[in-house]
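First up is the structure itself, then whatever we jot down about it.
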Amino acid sequence: MSDDLENRLTQALKPVAPREEFSARLLERVAAEARPQTATPKSRPRRTMPTWWLPAGLAASLLLAVGVRHHAAESQERLAGLAARQQVFAALALTNQKLDLAVRTVQSESRAAP
Amino acid sequence: MKTSWRSIGVVSLLLAGSLPGLVRAAAEPRLALPEFKDLAGKATESVVITMDPSLLGMAARFMDSSNAEDAAAIAVIKGLQGIYVRSFTFDRDDVYRPADVDAIRRQLADPAWKRVVETHSKKTHADVDIYLMTDGDKVRGLALIASEPRSLTIVNIVGAIDLDKLRKLEGQFGLPKIDIDSSKN
Amino acid sequence: MNGDEQFARARAGETDALVALIREHQPAIYSIALRMLGSREAAEDLTQEVFMQLGTKIGSIASKEHLRFWLRQVTANRAIDQLRHDARFPMQPLCEESPLFADGEQADPLLQHHLRGLLAELSAPARAVLVLRYQEDLDPVDIARTLEMPINTVKSHLKRSLEALRIRCGLTTV
C-alpha cells in the first residue's frame, strides 16, 4: 500500500507524444538546419594528366576516372577527419564528466565532515 | 568553494620536484590499456577511443579555429601525443571487479606517476583517482580511473595536458557548468 | 540500424540518424516539458529549443547515456528557469493529455488526472524531481546529477512532495 501512490504516479506520468504536426515540423526544421560539418580541408589541386597523345574520348574518360577517384579519396579522408574530430570531443567531454565527479565528491564529503 | 585545478597542479609539481631521485626516466606516460573486450560484451554502453599523434593531428586539421568549441578543443589538444579512453556502463551494479583494473593500477604504482586526487563518495560509492606524470615543471601525462557502481572509466592523456584549459571546456560540449554551492534550490 | 550505429552516425553528422534519434527521444522530452510547464504550447516551444540545440551539440556528446543525461538535464533546468522567471506560468492544473502508452486497464484515470494536476502545485524544483523520478525512473543520485542539486535536497523534495500528494489524494500509508 505504501507504494500505491508511487505506482499511481508512475502510471500518471507515462510519456505522452506531442502532436503529429508539431513533431513533423520540428523534424523538418532540424533536418533543414543540421549544422554543416565545419572545417573542410584545403582542397588538393586536382592532378591533370597530359592528354595530347590520347584520343579525346579516351582522354575525357580517364580524366573523369581520375577525378572520381580523387573525389572518393577526399571524401573518405574528410569522413575520417570528421570522425577523428568527434572522437576528440567525446574524449574531452567524458574526461570532464569524471573530473566533475571528483570535484562534486570532494565538495560533498567536505560538507558532510563534522 | 571551487576546487582549483591550478593549485592541484602546483602541489603535484612541488611534490615531483622534491623527489627527483625517485623519478625513473624510463617510465612512459602512455599506459598499456587493454581493449577490455570482456567488459565491452557485458556493457550497455562502451566508449573506446584510441587517438595517437597522427589521429590527433588529423582531428585538429578538421577543426575550425573560428568556431569557439573547436578553438577551445584545439587549445587543449595542442601539444598532446595521445588520448586513450576506455569507458563502460552497465545496467546493474558490480558487473566489473576491482581486479579488472589491477593491471592499470600496477602501472600507476610506478614512482613516476603521482596520485594528485583520490576521492571516494560514501553516498554514491564512486571513486575517482587522478594521476599526473611530470618531468620537472612539465606535465607529461594524465591518468584517471573513475569507478562507479555501474560504470568504469579509464582515461590516459599523453602530453602536456593543461588542466585549466580542459576545465574551461566545462560548459561546452553540452555539459553545463556545475555549481556545487547552488543556492537556487 | 541499431541504436549504437544510429548514435554514431548522428554524431558523425548524418541528418537522417539525428532525426531518428530525435524521434526516439521526443516523447520523453516533450513529456518532461509538459509536466513542468503545464501547457502544450510552452512544452512544444521548449522541446523545439532543446532539440534544435542538440543539432549543434551532438558532435560533442560522448555516448547514448550522455545523450539521455544531456536531454533531461537541459529540459528540466530550462523548465525550472522558465517557471521561476516567467509570469506566463502561474501554477495551474495541467491540461488533459492521454498517456502515450495507455494501459489496457486504466485503474483510476480520474486519480491519475488529479495527480497530474496536483503536480502543478509543487514548486519548480520539486516538480522536476517527481517527474524525473516517476516518469524517467531515475534514482535520487541521478536526479541530483541531472538537476545539479544536493542529494539531500532531492530526497527532501521526494519525501515532502509524496506526503503532500498522499494527503491531497486521500491516500494513506498502511
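General remarks:
- Residue C:28 being of a type in the set (Gly, Ala, Ser), more than 27 Å from residue B:44 (Cα to Cα) and within 17 Å of the chain's Cα centre (by Cα): no
- Scanning segment B:53-102 for residues that are in a helix (DSSP H, G or I) and charged (D, E, K, R) returns B:61, B:69, B:70, B:100, B:102.
- When residues of segment B:15-56 are limited to those that are at pLDDT below 85 and surrounded by 12 or more Cβ atoms within 10 Å (Cβ to Cβ), the one nearest to residue B:90 (Cα to Cα): B:44
- Some residue of segment B:59-68 being surrounded by fewer than 20 Cβ atoms within 10 Å (Cβ to Cβ), touching a residue at least 40 places away in the same chain (Cβ under 8 Å) and within 24 Å of residue C:61 (Cα to Cα): yes
- Filtered residues of segment B:82-125 (kept if touching a residue at least 60 places away in the same chain (Cβ under 8 Å) and in contact with a helix residue (DSSP H, G or I) (Cβ under 7 Å, 6 or more places away or on another chain)): B:82, B:83, B:85, B:87, B:88, B:89, B:90, B:100, B:111, B:114, B:116, B:117
- Qualifying residue in segment A:33-52 (condition: modelled with pLDDT under 85, under 30 Å from residue B:76 (Cα atoms), within 7 Å of another protein chain (Cβ to nearest Cβ) and not in a loop (DSSP other than H, G, I, E, B)): yes
- Considering segment C:1-16, the residues that are in a helix (DSSP H, G or I) and crowded, with 19+ Cβ neighbours inside 10 Å include one that is nearest to the chain's Cα centre (by Cα), namely C:7.
The values are calculated or read from the model by the stated rules, or taken from the named source; none is laboratory data. For clarity, every value in this text was computed on a predicted model and none was experimentally measured. Neighbour counts are summed over all protein chains in view; Cβ atoms, including those assigned to glycine, are modelled from backbone coordinates with ideal geometry.
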